[in-house]
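Note sheet for the following structure.
The values are calculated or read from the model by the stated rules, or taken from the named source; none is laboratory data. As the structure is a prediction and not an experimental result, all values here were calculated from the model. Every residue, glycine as well, gets a Cβ built from its backbone with ideal geometry; the counts of neighbours run over all protein chains shown. We work out accessible area using only protein heavy atoms, side chains counted, and drop any ligands, DNA or RNA first. Shrake-Rupley method; radii C 1.70, N 1.55, O 1.52, S 1.80 Å.
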Amino acid sequence: MYPSDRKYTNDHEWVRFEGETGVVGITDYAQQQLGDVVYVELPDVGKTVTKGEVFGTIESVKAVSELFAPVGGEVVEVNTALTQSPEQVNGDPHGAWMIKLRPSSAADAEGLLSAEQYSDLVK
Amino acid sequence: MTDTPSDPLKTTPLHARHLAHGARMVPFGGWDMPVEYSGITDEHMAVRTRVGLFDVSHMGQLELAGPDALAAVQHVSSNDASRLKVGQIHYSALMSPEGTFVDDLLVYRMADEHFLLVVNAGNIPADFDYIRSQVAGFADVDLVDSSARYALVALQGPAAARVLQPLTGADLSGLKYYWFTHGEVAGIRGMISRTGYTGEDGFEIFVPPADADRLWLALLEAGAGEGIVPAGLGARDTLRLEAGMRLHGNDIDRGTTPVEADLSWIVGWHKDAFLGREVVLRQREEGTARRLVGFEMVDRGIARHGYPVLVDAAPVGIVTSGTQTPYLKKAIGMAYVPTGAAEPGQTISIDVRGRPLRATVVPLPFYKRSRS
């Protein structure tokens, strides 16, 4: 269910490391809890965030939620397609990435959850 | 809401059925209710284009009967119940002495001297106590809380009549909007009301609680060919907002009057007396400082309940309802704004989590069905 090629947070984000970048999205559990996603607000490229900092906002019909950076770093790419079709987050949460970060510190990855640990968390 | 966290949530007679459908359940007004089954957008679209089925058994029923029943209803309710024929329904306000909403309600004239009030779930005990105290001076009227005697399901959408007609001997083509009739549905004796909270054609069906599940399944089966879906409170809220219908506790409450809420049409202006009459009469003559309006976001963003309304960067009002609506696909809402900013076409700003975003005042409702 939860791909093992990435790490997870207690706030229900995932991060997949591809060489020098970390690709960030939200989990299937998170999209289920939100319901139909209708709005995604993402940062500009070049913004720097710290681990745990709010990097964006996601809204479903019913609710507003904040997006927290799983690791700190500089935003190097933003999935602008999501602002046009936010429903992709419901359809393919583990494919619909939101931002790519250049991590500022390898230490930030410590404490992130494995797929197995995350599965237990949301069980 | 008077419930404390320690109160166990109440359940409707369809609770087990909702769990069997895999609904997401939430606490609402002291009840454990389905918020969504297949998803708010899917359910919303089904009701706009086909048909949806809601459990609204949490709604309350209060009945007034006796020779003074009409006078009692006229005293506590803003609308003019003397104009209701037996079998007819209207929307009204349960009025405070200050001219504000204790609740909003539907008034059913069951007989010349018998009225049924459908009130909001979270307000049932408070409404009952309030009405009892306010009508104590009327000699010959009985007030009964009959909420436990009724399960209530709402069949809503353009296909609603096509789904319901084969299940009942009642002639639905002769049943006008805001009228009701008694009859059997799927062999269950009940009351069929052509009302709803979605802006679509539809029916609300009152049956004994023990028969609710059988009715629910019969309606789902009868509606299968029309693409019926069970629908939850989430879609109910987005549907009513598109239709410009006020939600008590959000858009109207003990601090707002029918005139401020732009609901002057539910006030029986030529009635001699009712609670709060002087206040609303004065407001009608002198105007009010603020008014409830509809708005559409111009800038990208969604306004939500409680967000401040800004004019010239100063907070002047408050958003009472707001969402991104599935059918119109727009971010819309309702807000109280100064009367000077309440005309359609005027630009206001909404403080969306610290960012002022532009919105335009638009006429209510946002969505109006085409009547065939």
Which fully enclosed strands (runs of 3 or more DSSP E) of the stretch B:119-208 have 3 or more residues being buried (at least 19 other Cβ atoms within 10 Å of the Cβ)?
-> B:151-156, B:188-193, B:202-207
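Working carefully through the options B:Q156, B:Q88, find the one that is assigned by TED's automatic domain parsing to the domain that holds B:F206, in contact (Cβ under 8 Å) with a residue 40 or more places away in the chain and polar (S, T, N, Q). Reasoning before the result, please.
Details: B:Q88 fails: assigned by TED's automatic domain parsing to the domain that holds B:F206.
Step by step, each of B:Q156, B:Q88 is checked, and only B:Q156 is assigned by TED's automatic domain parsing to the domain that holds B:F206, in contact (Cβ under 8 Å) with a residue 40 or more places away in the chain and polar (S, T, N, Q).
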For the stretch A:59-87, which residues satisfy the criterion of being within 14 Å of chain B (Cβ to nearest Cβ) and not β-branched (V, I, T)?
-> A:E59, A:S60, A:K62, A:A63, A:S65, A:E66, A:L67, A:L82, A:Q84, A:S85, A:P86, A:E87
Is it the case that the stretch A:4-26 has a residue that's touching a Gly at 6+ places or on another chain (Cβ under 6 Å), of a type in the set (G, A, S) and either surrounded by fewer than 20 Cβ atoms within 10 Å (Cβ to Cβ) or under 22 Å from B:S321 (Cβ atoms) (or both)?
-> no
Among the candidates A:V38, A:V75, A:V54, A:V45, single out the residue that is touching a residue at least 40 places away in the same chain (Cβ under 8 Å), among the β-branched types (V, I, T) and touching a strand residue (DSSP E or B) at 6+ places or on another chain (Cβ under 6 Å).
-> A:V38
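Can you name the residue in the stretch B:286-333 that is acidic (D, E) and in a loop (DSSP other than H, G, I, E, B) and, of all such residues, is farthest from the other protein chains (Cβ to nearest Cβ)?
Filtering the stretch B:286-333 down to residues acidic (D, E) leaves B:286, B:296, B:299, B:312.
After this cut, where a residue has to be in a loop (DSSP other than H, G, I, E, B) as well, the list is B:299, B:312.
Values: B:D299: 12, B:D312: 26 Å.
Residue satisfying both the conditions and the ranking: B:D312.
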Going through (1) more than 23 Å from the chain's Cα centre (by Cα); (2) under 25 Å from B:V107 (Cβ atoms); (3) not acidic (D, E) one by one, B:G249 fails only at (1)
Out of the residues in the stretch B:29-39 that are within 14 Å of chain A (Cβ to nearest Cβ) and touching a strand residue (DSSP E or B) at 6+ places or on another chain (Cβ under 8 Å), state the one that is most open to solvent (accessible area, probe 1.4 Å).
-> B:S38
Got at least one residue in the stretch A:65-84 being closer than 29 Å to B:F28 by Cβ, out of contact with any Gly (no Cβ under 8 Å at 6 or more places or on another chain) and aliphatic (A, V, I, L, M)?
-> no
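Condition check ((1) within 14 Å of another protein chain (Cβ to nearest Cβ); (2) open to solvent by 40 Å² or more (accessible area, probe 1.4 Å)) across all residues:
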site: B:L215; (1), (2): no, no
site: B:E221; (1), (2): no, yes
site: B:E226; (1), (2): no, yes
site: B:P230; (1), (2): no, no
site: B:R236; (1), (2): yes, no
site: B:E242; (1), (2): yes, no
site: B:L247; (1), (2): yes, no
site: B:D251; (1), (2): no, no
site: B:D262; (1), (2): no, yes
Does B:D272 count as free of Cβ contacts under 8 Å to residues at least 40 places away in the same chain, surrounded by fewer than 18 Cβ atoms within 10 Å (Cβ to Cβ), assigned to a loop (DSSP other than H, G, I, E, B) and acidic (D, E)?
-> yes
